[in-house]
Ligand SMILES: Cc1cc2nc3c(=O)[nH]c(=O)nc-3n(C[C@H](O)[C@H](O)[C@H](O)COP(=O)(O)OP(=O)(O)OC[C@H]3O[C@@H](n4cnc5c(N)ncnc54)[C@H](O)[C@@H]3O)c2cc1C
């Protein structure tokens, strides 16, 4: 920077007006923070004008879900960003279960306008460095040479570059990023798609009518989202192709290393080594080869004194549990790139997960840079109101449900004042790493899947509430903590509707009218059992002297009987 250049000072600079940048800007704006979003395009949400290439979102939009309360509707509306205007949501744009991506781009543009977010469009950021005047502020330069200086810098630039594996001859291939999507261009062709993720299957399905043969190949086997619960694994909406493979429709899924790709006499010769056939090799011939091997984050705008650490083979930035760079203080990340913290486990890579991460990120930034305590509600230190609050949260919150085991609530108990402070929707790792994890008496509330093996569609279900710790399905888990030590934990059995409130489903029409289950013939009684067991857990835990309590082994699976003679679904 020269002495004659003018510079614009802003507290919080956000880079990118995709859904992540908009979501963070919304929270900044609501609290009247000094912020600005810089966006290369002349409009918000441009990613969705181009991707997914075949035009359909795989995040669901279930309009008829029976709920009238917005927070519960968000469990089935995976696309709307969070806001206080319940009437403004993506479900007003379409009732398609898998919506059109262009409509979503329109919704994002409207979101930016509806909340009058401070976005400067047509601003391509080409250089980011740190001031060397002792302030450590970020100095950001756009392609027109304009300068900005900020206290925090939040990168929400998504994954904009194709990830291309190192295979000899890979440069000869086409890429999902810019391939033709007109099936006519593939008529009667032999097609190899490298990759087995959603973009590979989306492409294969789209071209199914046209190609003479389609092969999908990569070294690892397909992972189904219904088995792993990870959205990035193959979604059922994209697996029509699998059926045509297994039922011999001239399509195949090959587990194989691609050793070499050459172009000979106008066709691709591809040498492969099968993964599960004792090293058997083959040379295959194709008319086209398309890489659907994923995307990566592009950090090219960072200068010498501001290069952030990278992770995951340099595909994503390395970050702390508070989504801050591991080596550049006050540099934060928002959006799909947050996925490095729960890679291939939960949903930070997609909208329905990262919108809740960003709410928490906003609160962390406000705490660290605006001296605003992390928001909380006060509760009396008494079992019933605490149990009420938890049942309400696990029955209605979408963040706990969509980020299982990753986002959790944290309730800190102060027995001297008789007051508990209930904080919503933090990353569990952040709870443990931050001052929350230093508290001598606190609880972490999550929803989690249990361990299971085998076919997810034929699992034995644990019907006994006192053995809920065995539950393989999504269910609430409450941990009593002292520092990083686990004192006791309680599980609540899964519920068909993910709703444990006493009046059952709070929507208009009940689903379960009767349930014949260990002597409990009506569902209210069934719900009451869960509530009572939770109250029972808190009555005992609130009486425990945490300073002298023996921590339990995290791996322990042996439950103990409750001292009040009712068996409980907990480990202690
Ligand atoms: C093929 C594909 C399909 C997907 N489908 C879905 C789906 O159906 N549902 C779902 O929930 N998720 C989906 N995702 C995940 C998807 O990446 C995110 O949901 C979402 O787009 C990420 O939002 P974001 O705001 O983090 O990034 P983006 O939406 O990518 O936004 C980043 C913004 O930053 C701007 N930008 C980048 N660099 C600069 C710079 N140097 N200067 C200024 N501006 C810059 C860009 O112009 C862009 O507007 C998909 C991802 C891929 C790769």
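No lab work stands behind these numbers, since they all come straight from the coordinates. Since the structure is predicted, the reported quantities are computational estimates derived from the model, not experimental observations. Neighbour counts run over all protein chains shown; Cβ positions are idealised from the backbone, glycine included.
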Inset, instruction - Work out how much length residue 464 to residue 417 would gain on full extension: take 0.36 nm times their residue separation and subtract the Cα-Cα distance, in nm to one decimal. - result: 13.2 nm
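Based on the Cβ-Cβ distance from residue 532 to residue 456, what FRET efficiency comes out when R0 is 41 Å, to the nearest 0.05?
On the way: r = 31 Å, r/R0 = 0.75.
Step by step, r from the Cβ atoms, then E = 0.85.
Order 78-86, 528-536 from most to least packed using the mean count of other Cβ atoms within 10 Å. Mind dumping the intermediate values first?
On the way: 78-86: 17.6, 528-536: 19.4.
Ranking, from highest mean packing down: 528-536, 78-86.
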Legend entry - Extension gain, residue 311 back to residue 267 (0.36 nm per residue minus Cα-Cα distance, nm): 12.2 nm
Inset, instruction - Quick one: divide the alpha-carbon radius of gyration of region 1-72 by 2.2 N^0.38 Å and tell me what you get. - result: 1.60
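Once a ≥ b ≥ c are taken as the square roots of the eigenvalues of the Cα gyration tensor of region 308-367, is the result rounded (a/c under 1.5), prolate (a/b larger than b/c) or oblate (a/b not larger than b/c)?
Working: a/c = 2.33, a/b = 1.03, b/c = 2.26.
It is oblate, given that a/c is not under 1.5 and a/b is not larger than b/c.
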Inset, instruction - Provide the percentage of antiparallel DSSP beta bridges, counting only those with both residues in region 97-234; round to the nearest 5. - result: 60
Inset, instruction - Evaluate the distance, in nm, between pseudo-label points positioned 7 Å from the Cα of residue 86 and of residue 368 along their respective Cα→Cβ axes. - result: 3.5
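Is region 87-190 best put as rounded, prolate or oblate by its Cα gyration tensor, with a ≥ b ≥ c the root eigenvalues, rounded for a/c under 1.5, and otherwise prolate when a/b is larger than b/c, oblate when not?
In terms of gyration-tensor shape, oblate.
Hey, what's the Cα Rg ratio for region 164-293 versus the globular rule of thumb, 2.2 N^0.38 Å? Don't jump to the answer; show the numbers that get you there.
Working: Rg = 13.9 Å, N = 130, 2.2 N^0.38 = 14.0 Å.
Cα Rg divided by the expected 2.2 N^0.38 Å: 1.00.
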Legend entry - Net lengthening on full extension, residue 171/residue 550 (0.36 nm per residue, minus Cα-Cα): 130.5 nm
Legend entry - FRET efficiency estimate (nearest 0.05) - Cβ-Cβ, residue 180 to residue 135, R0 45 angstrom: 0.35
Inset, instruction - With 10 Å bins from zero, work out the P(r) of the chain over every alpha carbon pair and list the percent per bin. - result: 3, 16, 24, 24, 19, 11, 3, 0, 0
Inset, instruction - Would you kindly give the portion of the calculated P(r) for region 260-390 that falls above 25 Å, as a percent of all Cα pairs? - result: 55
Inset, instruction - Starting from the Cα gyration tensor of region 2-153, take the square roots of the eigenvalues, sort them a ≥ b ≥ c, and report rounded, prolate or oblate (rounded when a/c is under 1.5, otherwise prolate if a/b is larger than b/c, else oblate). - result: prolate
Inset, instruction - Bin width 10 Å, alpha-carbon pairs only: give the P(r) of region 340-437 as whole percents, running from 0 to the bin holding the largest distance. - result: 15, 45, 33, 7, 0
Inset, instruction - Pop out the Kirkwood hydrodynamic radius of region 377-554 from its pairwise C-alpha distances, inverse of mean 1/r, in Å to one decimal. - result: 16.8
